[in-house]
Amino acid sequence: MTALVALVLFVAVYWSMVRTGTGQRFEDAALRGTLEYADRHERAAANGRLRAITMGSLGFFCVLIVLIGAVRRRWLLVPASLFTLIGGLGTAEVLKRYVVARPLLYGQTGEVTNSFPSGHTTIAMAGLFALLIVVAPRWRGLVALLGALWAVSIGANTVSAHWHRLSDTIGGDLIALTFGSVALAAMAWLGRAAPLPEGRAGRVLLMRVAALVLGFLAVTGLALGVLFTVLYARDAGRAGLVEDANWEAYLAAQSYASAASAITALTMLTLLRGMDFGGPPFLALPRTAAARTRAPRH
């Protein structure tokens with residue numbers, strides 16, 4: 001169900017932000033605001049963080065996944081995690097380069113290069129999800145806390161560095177969530193998903209801290225995004241305030257990008273909460289058998 005909802009949202013984001021004039025005007029204003037007003041040092045730092053994500057980063061993630069799976073002897077988690085990471089990134093790149101188009105809808109001139117969805121956002125979020133799937137439950141809290149903050153920052157950096165539009169970032173998040181959800185669903189279908197026994201829920205405190213931090217980022221990002229969107233709508237059509245509107249659109253886009261990444265990570269944590277994946281086949285006791293094993297009433 002999560003994968004299906006993510007796919008529907010992916011299509012909705014594409015059609016509303018890329019295939020409508022209103023969506024394109026907002027995103028193009030945000031791009032102009034990035035160049036006109038964003039701090040150069042901030043943009044340079046964001047560029048550096050994004051350039052650090054290379055094919056070497058993908059290889060590092062893959063090796064780390066295999067090593068963790070080998071140490072845990074949970075070999076089924078290795079292809080599930082690799083499917084999430086490589087499948088998500090491959091899908092994002094194929095869609096961006098060969099499938100999705102960005103038409104000119106409100107009088108733009110020149111050639112516009114499609115950038116939907118963001119490969120950098122996809123690899124960051126899918127890499128986080130792949131690690132969350134393969135690590136032992138007791139380490140999920142630490143991985144979630146550190147990895148989610150990094151993945152959310154990458155989503156915001158794609159906007160502040162002038163590399164991607166808001167819709168690109170959200171699209172990358174949703175692709176990662178789709179593949180991660182499908183991987184978990186496949187293991188559940190194979191009978192390799194079971195509730196954790198009492199007392200083995202892992203470092204619950206870190207998981208709660210990660211959830212609280214992500215929730216705070218999501219709520220704050222949405223609130224700021226709505227505020228700056230209202231200001232952008234007020235100033236966009238007023239003479240002499242176009243530059244202010246561009247800056248407000250940029251702030252709104254960056255806020256929404258952070259919120260979208262935080263909500264995506266929080267959704268994956270919810271799916272993993274209290275569950276163990278990749279272990280021996282889990283056979284639920286049939287309801288009729290369970291009824292027969294109950295002690296007779298006296």
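The values are calculated or read from the model by the stated rules, or taken from the named source; none is laboratory data. Since this is a predicted model, take the numbers as computed values, not measurements. Note that we place each Cβ from the backbone using ideal geometry, even for glycine, and neighbour counts take in every protein chain shown. The accessibility values were calculated without ligands, DNA or RNA, using every heavy atom of the protein model including side chains. Shrake-Rupley method; radii C 1.70, N 1.55, O 1.52, S 1.80 Å.
Summary of values
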read-out: Filtered residue count, the range 49-74, keeping only those that are farther than 18 Å from Arg140 by Cα and open to solvent by 40 Å² or more (accessible area, probe 1.4 Å); value: 8
read-out: Test: residue in the range 125-146 that is part of a loop (DSSP other than H, G, I, E, B), open to solvent by 30 Å² or more (accessible area, probe 1.4 Å) and farther than 25 Å from Asn47 by Cβ; value: no
read-out: Cβ-Cβ under 8 Å pairs, at least 6 apart or on other chains, the range 231-253 side part of a loop (DSSP other than H, G, I, E, B), far side basic (Lys, Arg); value: Ala236/Arg25
read-out: Residue selected from the range 51-100 under the condition among the charged types (D, E, K, R) and at pLDDT 90 or above, by the criterion farthest from the chain's Cα centre (by Cα); value: Arg73
read-out: Filter result (buried (at least 16 other Cβ atoms within 10 Å of the Cβ), at pLDDT below 95 and hydroxyl-bearing (Ser, Thr, Tyr)) within the range 263-293; value: none
read-out: Residue within the range 202-219 that is open to solvent by 20 Å² or more (accessible area, probe 1.4 Å), at pLDDT 90 or above and outside any helix (DSSP H, G or I) present; value: no
read-out: Count of residues meeting criterion [of a type in the set (A, V, I, L, M, F, W, C) and either open to solvent by less than 10 Å² (accessible area, probe 1.4 Å) or touching a helix residue (DSSP H, G or I) at 6+ places or on another chain (Cβ under 7 Å) (or both)] in the range 18-37; value: 4
read-out: Positions within the range 86-110 being in contact (Cβ under 8 Å) with a residue 60 or more places away in the chain and either open to solvent by less than 30 Å² (accessible area, probe 1.4 Å) or assigned to a loop (DSSP other than H, G, I, E, B) (or both), in sequence order; value: Gly87, Gly88, Ala92, Val100, Arg102, Pro103, Leu105, Tyr106, Gln108
read-out: Selection status of Gly48, closer than 24 Å to Leu7 by Cα and under 24 Å from the mean Cα position of the chain (by Cα); value: no
read-out: Residue check, Thr113 surrounded by 18 or more Cβ atoms within 10 Å (Cβ to Cβ), within 17 Å of Tyr14 (Cα to Cα) and not acidic (Asp, Glu); value: no
